[in-house]
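One structure is given here, and the rest of the page talks about it.
The values are calculated or read from the model by the stated rules, or taken from the named source; none is laboratory data. This structure is a prediction, so every number in the text was calculated from the model and none was measured. Glycine also receives a Cβ, built like all others from the backbone with ideal geometry; neighbour counts cover every protein chain displayed.
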Amino acid sequence: MKIEREGTALAAFIVVTVLAGGNAVGVRVSNRELDPLWGAGLRFLLAAALLGAVMTVMRLALPRGRALVGVLIYGSLIFGGAFSFAYYALVRIHAGLAQTLLALVALATLLLAVAQRQERLRHAAVLGTLLSTAGIGVISGVGGDSVPFLSLLALLGAVLCFAEATVFVRHFPSVHPVTANAVGMAVGAAILIVLSLLLGESIVLPERGATSLALAYMVVLGSGPVFVLYLVVVRLWSASRAAYTFVLVPVITVLLSAWIDDEPIRANLVLGGLLVLAGVYVGALRQPRSQLA
């Protein structure tokens, strides 16, 4: 049974990583036409409607009581909080560099899970996190690109929101991942749109084909499937293991960004990527045989 659960979690982990790799590039493309908070709000409003339709077909009930509270806070943290910061940062920062910095979610999740007594500080997790963080530093620190200070702060805010949401959701009763994300995205979309209105952003629909294509990808593949499967991984693995998807995503994002967004690929990506992969294997994928029996 444990081997089957491990296989399910690993398959979901891989799919999430691959699909999420295109999201930061999509956000960069969207931000060229749509104001950031409005673009994020529109994305999650459409994604929530799509998941709501799936809920209707599957006849899933809305959560109640403590489960509903958990879903509302989860949605506020991830979709309202993390993405408001991330969309703002991606106006000024290349997608590959932004995703590389967001990979610090793995470290933040580990520390928060330990601080909230949800996990113990495993030696393998510490070593994996240190290797991954070193790889992140190699990838992002050699390019010489200047990072606007406010954009950097926004990315760090996104890191904390992603990490806390990953840890926090495990404290509450389990909710079907489709339902949790349909409700969570609706809450997040409301927060993002209200913030957009308060800041005086332009509320317009995309006119450029590239923007519509990017939005379609993020709604159909980069939102619903990614976060539904991410919650599956969070429920089957520990929060700190699940968060390693944020470490692998930058490698895919950098490659896509180089192709679509003309972001340069440098030799440091190879060395940094190897360190990242080693860290992910040690901290997330390699498990003692006793846990798989």
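Things to note:
- Number of the exception - Ala210 against (1) buried (at least 24 other Cβ atoms within 10 Å of the Cβ); (2) modelled with pLDDT of 90 or more; (3) part of a helix (DSSP H, G or I): (1)
- Flag if Val175 is at pLDDT below 95, more than 19 Å from Val15 (Cβ to Cβ) and in contact with a helix residue (DSSP H, G or I) (Cβ under 6 Å, 6 or more places away or on another chain): yes
- Qualifying residue in region 42-51 (condition: crowded, with 24+ Cβ neighbours inside 10 Å and charged (D, E, K, R)): yes
- Among the residues of region 222-231, some residue qualifies, meaning at least one is within 28 Å of Ala9 (Cβ to Cβ), in contact (Cβ under 8 Å) with a residue 40 or more places away in the chain, outside any helix (DSSP H, G or I) and not hydrophobic (A, V, I, L, M, F, W, C).
- Residue in region 15-25 that is assigned to a helix (DSSP H, G or I) and without any contact (Cβ under 8 Å) to a residue 60 or more places away in the chain present: no
- Test result for Ala86, in contact with a helix residue (DSSP H, G or I) (Cβ under 6 Å, 6 or more places away or on another chain) and surrounded by fewer than 24 Cβ atoms within 10 Å (Cβ to Cβ): no
- Which numbered condition Val18 misses (of (1) over 13 Å from the mean Cα position of the chain (by Cα); (2) among the hydrophobic types (A, V, I, L, M, F, W, C); (3) under 21 Å from Ala103 (Cβ atoms)): (1)
- Scanning region 15-64 for residues that are modelled with pLDDT of 90 or more and β-branched (Val, Ile, Thr) turns up Val15, Val16, Val54, Thr56, Val57.
- Sub-6 Å Cβ pairs linking a first residue in region 203-215 that is touching a residue at least 60 places away in the same chain (Cβ under 8 Å) to a second residue that is charged (D, E, K, R), at least 6 apart or interchain, are Pro206/Glu33; Arg208/Glu33; Thr211/Glu33, ordered by first then second residue.
- Contacts under 6 angstrom Cβ, first residue in region 179-200 being closer than 19 Å to Thr56 by Cβ, partner of a type in the set (Val, Ile, Thr), 6 or more apart: Ala180/Val71; Asn181/Val228; Val183/Val71; Gly184/Val71
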